[in-house]
Amino acid sequence: MDSFLKEVISELQSKNHDISELVFVLPSKRAGLFLKRELLNIYSDKTFFAPVIYSIEEFITELSGLRQIDTIQTLFDFYETYLNTHAHLEKESLEVFSSWAQTLVQDFNEIDRYCIDNDSFFSYLSGIQDLNHWYLQKEKTELIQKYISFWNNLSEYYTNFKNKLLEKKVGYQGLLYRKASENISSYIKKNTHKHILVGFNALNNAEQIIFKSLLEAKIAEVYWDADTFFLENKYHEASLFIRDYKNNWEYYKENPFKWIRDNFSSSKDIKLIGVPKNIGQAKLAGQILKSIPSVDLERTALVLADESLLLPVLNSLPDSIESLNITMGLPLKEVPISSFFELLFSLHKVTHHKGLYYKSVIEILNSQPAQWLLGFLANELISKISKENLVYVTVEKLQSETNDAKSRVLELLFTPWENALKAIEQCRKIIQLLKNGLDKEKTPLELEYIYHFHVVFNRLLALCNTYQYVVTISSLYYLYRDIINSETLDFRGEPFRGLQLMGMLESRCLDFDTVIITSVNEGVLPAGKSMNSFIPYDLKRAYNLPTYKEKDAIYTYHFYRLIQRAKTVYLIYNTEDDGVGGGEKSRFLYQLEIDKVQKHELSKYIASSEIPKLSHEPLVIPKEISIIERVKELALNGLSPSALTAYIRNPIDFYYKYILGIKESDQVEETIAANTLGTVIHNTLEDLYKPLENKYVSVADVEKMIARIDEEIKYHFRKEYSKLDITQGKNLLIFEVAKRYIYNFLKSEEKLLKSGSQLKILAIESNLKTELEIPELDFPVFIKGKVDRIDELDGVLRIIDYKTGKVNKSDVVLMDWEVITDDYKYSKIVQVLAYAYMQHNEQPLSSSFQAGIISFKNLKEGFLKFGTKTSVRGKVDYEVTSDVFEEYLLQLKKLIMEISTLEIPFTEKEV
């Protein structure tokens, strides 16, 4: 089947037109390139001058006599107009202005492209705003009056803005269209060449005026790419515009309409394929391309309805694709270095009174550009911040251990930006350092990225020097973000070779045998009802401005026109309901099913990747001689109760921490962690009770300790983390919790003494170590630990372990000795009995005594004593006797034997 452009050239050839004398106007530059290829193919046997070929934008620029400016330039010119119009009124900053002005400029664009009478239009608009918002207000406040005044002045803003641009002979796109439609008569008088208008669909009013004028002057022919199937189905949106032109243009009442073809109803193999997630779509597109023979790739198009899929698709292309032509650019905001500058702006947009927030600093130091500039120093600084728990960091602190060159880099990265010009200067210097530090041969792509950011910041500098409105970092960031969002990195390639990778708009006028379209979902194809405009729907309808209905019809035409000459079509959509572009497949797919043509072979699939069955096998680490040697070292040094309970909880944890010696990485604590709180409480109680060792405690002693709580806790918090702020936020709450814990504990002690009890402190934070006799092992085994407190209450000896977490009575009462080394629930018993045995072995205690826990989260239970019982309802025996030690040591030795036996591997437990 011939392509549409080939049909047009063949038609012109049959009419004996001098091709060199024609002027072609097409929807895009890309369509012009393919037109030239068709001309070369058809006129390959003769020499001729190429005709003039315009894209519609180029033709409009030619007609208007104006130069089109970009959105950033438009924004600044509009801001100047805004400031100078009614200058006596209060004006907003550029930052606030830009948040709404771009939407307003888009509305100006629409008004001009559709040649609307702006005076009556803005009069209606201000009346609607007044009616919608403030009509019922009898007395209008100053805010209401300002709001209404803005809408009343909108016509003047528009007129002054337009005149300002016309004086400079520049304009935004809509103004060029309006001016072009006004100039068409004078253009026709000067130009008699035949104009061939090819492949258009939705024309704005300015374009319609131009097209009609050229047709009526008999110096133009229009070739529409219409299809019988859509024109005859009046409900079908694909022919919404072309049907209107055919029925309502005066020219077609006397002249034939070119063309109505019947291509859509020809034989087609259409596959509707659902696949989870965007990455799944990219991978599937790559698999489909792999199945297409290399000779057919030049007649194959991969069309991305959602252009953000470009990078995933490029990474998923098969090796069989030797040539690739990409017609869309890679957005500059998508390149890796973009996130680096985003981090810099995030850091410097806020004022840092205390210093730079550590998370922002670490993010920058972890970024690739910072790694290029600083090398190993970046990781060393991250480690320093973590070890010293620096929540807020100064530039001087970072520079303290660096040489001059690296110190200069840190100064550029982290010295606060005072104003917009200072920020641009810093960023330009950083870019220069990156350029000088990269190898041109090894990192050509990264250098290309850096060059584009060099251009961006040069442009920002020129704008800031020309216009004095960009002062703050926030306003600079808005401007930077607008530029980044609009800039792209263009790919280079041979336009007619290999696979064609394009967006929907680049497909206009082009035809392919095989078409693959991704993201055929509601919200993408078509885009849906989102309207970024201040103009209400009813007013748009009244002035025949396009609404979401017309915009949906444009998408419909592009979709169906792309597949109407294709033989094989793959339509891929996202099945996952994860927001816009996911879940709901496009209405176009339903329409294809409903309007199924006899010659269409329509098939539906749901694709998914092969998911392996995940069966979690516990990690098993066999023991080697070297591991047993390490166990012997630990045993000689002394196994702590914490080490033994770590093994009970999960042998793998014991292996990592005690055998391999892997420590948890240092993390900056913004808020006091639970273990830090525990350390502070233990150390505070040690300081308070240490002077009372071997003494009886009096009520007066307790009262003195209560009076010292605040200073002692402050001291120990400062000792743990000198930089941590405990005067506000969560840390203040945790500080108060620590005070309350100790206060409540001391009050309970005071109550005990006032009731007549006698309390003698025997030892505080006593370091203990004792040897275990295990004949089965050929090496000595010691256990060691630090017992929090040993005291005597009313003649009863007590071994006490403090716990800041919550412990219940049931956690320290045992019925079956066999479970003590199997169930982590009884880890508290393992610990307190270890302390009791070590103390007894070092200094034999009385025939019986008590051991237990004081839980600061469960102080109402008091001293939680270890106890044993023989049945669920049996009486608890709280005495620690030689029989208890005998049972305990039996289980403890079994546990240590298990750890020390070569044949028993470390096996992971499910925690």
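Quick notes on this one:
- FRET efficiency estimate (nearest 0.05) - Cβ-Cβ, LYS909 to LYS730, R0 56 angstrom: 0.95
- Exposure proxy ranking, count of Cβ atoms within 10 Å, fewest first, for SER338, SER181: SER338, SER181
- Qualifying lysines (Cα of each under 29 Å from Cα of LYS632; at least 8 residues distant if same chain): LYS623, LYS657, LYS663, LYS769, LYS784, LYS786, LYS825, LYS828, LYS893, LYS894, LYS909
- Cα-based shape type of region 333-489, given that a ≥ b ≥ c are square roots of the gyration tensor eigenvalues and the cut on a/c is 1.5: oblate
- Relative to the longest principal axis of the Cα atoms of the chain, the long axis of helix 173-190 lies at roughly 20 degrees.
- Near-label residues of region 694-720 by backbone N, under 19 Å of a point 7 Å along Cα→Cβ of LYS747: 699-713
- Pair ARG718, GLU216: separation of 7 Å Cα→Cβ label points (nm): 9.0 nm
- Once the gyration tensor of the Cα atoms in the chain is diagonalised, the equivalent ellipsoid follows with semi-axes of 77, 36, 27 Å, ordered largest first.
- For the chain, the longest principal axis of the alpha carbon atoms and the long axis of helix 729-754 meet at an angle near 20°.
- Stretching ILE42 away from PHE491 to a fully extended chain increases their span by 158.7 nm, per 0.36 nm per residue minus the current alpha-carbon distance.
- Using Cβ point charges alone (K and R +1, D and E -1), the dipole size of the chain about the Cα centre works out to roughly 1360 debye.
- Were the residues from GLU388 through ASP538 laid out at 0.36 nm apart, the gain over their Cα-Cα distance would be 47.7 nm.
- For LEU40, LEU5, LEU438, order by how many other beta-carbon atoms lie within 10 Å, fewest first: LEU40, LEU438, LEU5
- Crossing angle, helix 699-720 versus the chain [Cα axis fit, 0-90 degrees, rounded to tens]: 40 degrees
- When each of ASP811, ASP227 is scored by the number of other beta-carbon atoms lying within 10 Å, the sequence from fewest to most is ASP811, ASP227.
- Cross-link partners of LYS384 among aspartates and glutamates (Cα-Cα below 17 Å; sequence separation of 8 or more within a chain): GLU363, GLU396, GLU401, GLU664, ASP666, GLU669, GLU670, GLU720
- Reported to the nearest whole Å, the Cα centre-to-centre distance from region 726-773 to region 58-116 is 71.
- By the rule of a C-alpha distance below 19 Å, with chain neighbours fewer than 8 residues away ignored, the aspartates and glutamates paired with LYS268 are ASP2, ASP225, ASP227, ASP296, GLU298, ASP511, ASP513, GLU593, ASP595, GLU601.
- Computed FRET value (nearest 0.05) for HIS616 with THR901, which takes r as the C-beta separation and R₀ as 30 Å: 0.70
- Net +/- balance of residues flanking GLU712 in space, Cβ distance below 12 Å, scoring K and R +1, D and E -1: +3
Bear in mind that the values in this text are calculations on the coordinates, not laboratory data. Small disclaimer: the values here were computed from a predicted structure and weren't measured. Cβ atoms come from the backbone with ideal geometry, glycine included; neighbour counts cover every protein chain shown.
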